[in-house]
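Report on the structure given below.
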Amino acid sequence: MQQRVAVLGTGKIGEALLSGMIRAGWSTDDLMCTARRAERAEALRARYGVEVVSNTEAAKTADTLILAVKPQDMSTLLEELAPHLPADRLVISAAAGVPTAFFEERLPAGVPVVRVMPNTPVLVDEGMSVISAGSHATEDHLLRAEAIFKPVGKTLRVPESQQDAATALSGSGPAYFYYLVEAMTDAGILLGLPRDKAHDLIVQAAIGAAVMLRDSGEHPVKLREAVTSPAGTTISAIRELEKHGVRAALIAALEAARDRSRELGSGHS
């Protein structure tokens, strides 16, 4: 599935996609990117051997454009691209909260748009990229998008109506785990462990638990119950988590993230 791909807005996520495609065997001749600052452009050119072009040149020459700028910068970028974008180009948005209709209203009629919400573990090839089709996107366009994002993790298709929920759960998800690790590290220090040892214990527990969730096929309740012996240490801890409303707090947090995604999509900064 040969296509020429341009990454517009090559920040952390954009660069992760670029490097992931190269590791997956994409030719640098088929890749290009854009950057605001000259020094950033030179660094990308030196690091990856790809052509760094203007947004206008990318619109004219790439088969697929990945728009990886911030949501608040998207309108300005589309104004720049629209006069130069043929209708047969595929546009992939990686901007949180921005619906495909936003792009379709500002780009030439019929331009296919695919919305993707990756998360930061794409930086270590363990990301989850949630993919939805716009009104003009076909199965071929979805396959082209998956070919770009699969080298940096997994992909999952959902209806666009579920994208804000997926953003709350997956796009923001890694931050919740970092927050939990931070709190558990502080608890380990309170219990008498040095910070580095507490950190190592918790990180390995998190990795092991994640692998078991992924590979065992067991429901998380069943895995938790396997650790929770009668009158033991684990059930004492879980009783405190329930007493302090941790489950309810997580649900409320995810609802807040979903609502914020909707606000971003409706133009509220």
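Miscellaneous remarks
- Subset tally (residues that are out of contact with any helix residue (DSSP H, G or I) (no Cβ under 8 Å at 6 or more places or on another chain) and part of a loop (DSSP other than H, G, I, E, B)) for the range 64-85: 1
- Scanning the range 216-241 for residues that are over 27 Å from Asp164 (Cα atoms), open to solvent by 60 Å² or more (accessible area, probe 1.4 Å), not in a loop (DSSP other than H, G, I, E, B) and not small (Gly, Ala, Ser) yields a total of 9.
- Subset of the range 101-139 (residues that are part of a helix (DSSP H, G or I) and under 15 Å from Thr155 (Cβ atoms)): Pro121, Val122, Glu139
Okay, residues lined up against (1) at pLDDT 95 or above; (2) under 20 Å from Thr76 (Cβ atoms):
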{"site": "Val91", "(1), (2)": "yes, yes"}
{"site": "Val98", "(1), (2)": "no, yes"}
{"site": "Phe103", "(1), (2)": "yes, yes"}
{"site": "Val116", "(1), (2)": "yes, no"}
{"site": "Lys154", "(1), (2)": "yes, no"}
{"site": "Gln162", "(1), (2)": "yes, no"}
{"site": "Leu169", "(1), (2)": "yes, no"}
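- Taking the listed residues Ala206, Ala248, the one that is open to solvent by less than 60 Å² (accessible area, probe 1.4 Å) and either outside any loop (DSSP other than H, G, I, E, B) or in contact (Cβ under 8 Å) with a residue 12 or more places away in the chain (or both) is Ala206, with no other qualifying.
- Residue in the range 121-175 that is most open to solvent (accessible area, probe 1.4 Å), counting only those that are among the basic types (Lys, Arg) and over 20 Å from Gln2 (Cα atoms): Lys154
- Selection status of Ala24, assigned by the TED database to the domain that holds Asp88 and surrounded by fewer than 15 Cβ atoms within 10 Å (Cβ to Cβ): yes
- Within the range 176-191, residues that are open to solvent by 80 Å² or more (accessible area, probe 1.4 Å) reach partners that are part of a helix (DSSP H, G or I) and β-branched (Val, Ile, Thr) with beta carbons closer than 8 Å, at six or more positions or on different chains, in the pairs Met184/Ile202.
- Some residue of the range 40-58 being open to solvent by less than 10 Å² (accessible area, probe 1.4 Å) and in contact with a Gly (Cβ under 7 Å, 6 or more places away or on another chain): no
The values are calculated or read from the model by the stated rules, or taken from the named source; none is laboratory data. None of these values were measured; they are calculated from a predicted model. Using ideal geometry, Cβ is built from the backbone for each residue, glycine included, and neighbour counts are taken over all protein chains shown. All accessible areas refer to the heavy atoms of the entire protein, side chains included, with ligands and DNA or RNA removed. Shrake-Rupley method; radii C 1.70, N 1.55, O 1.52, S 1.80 Å.
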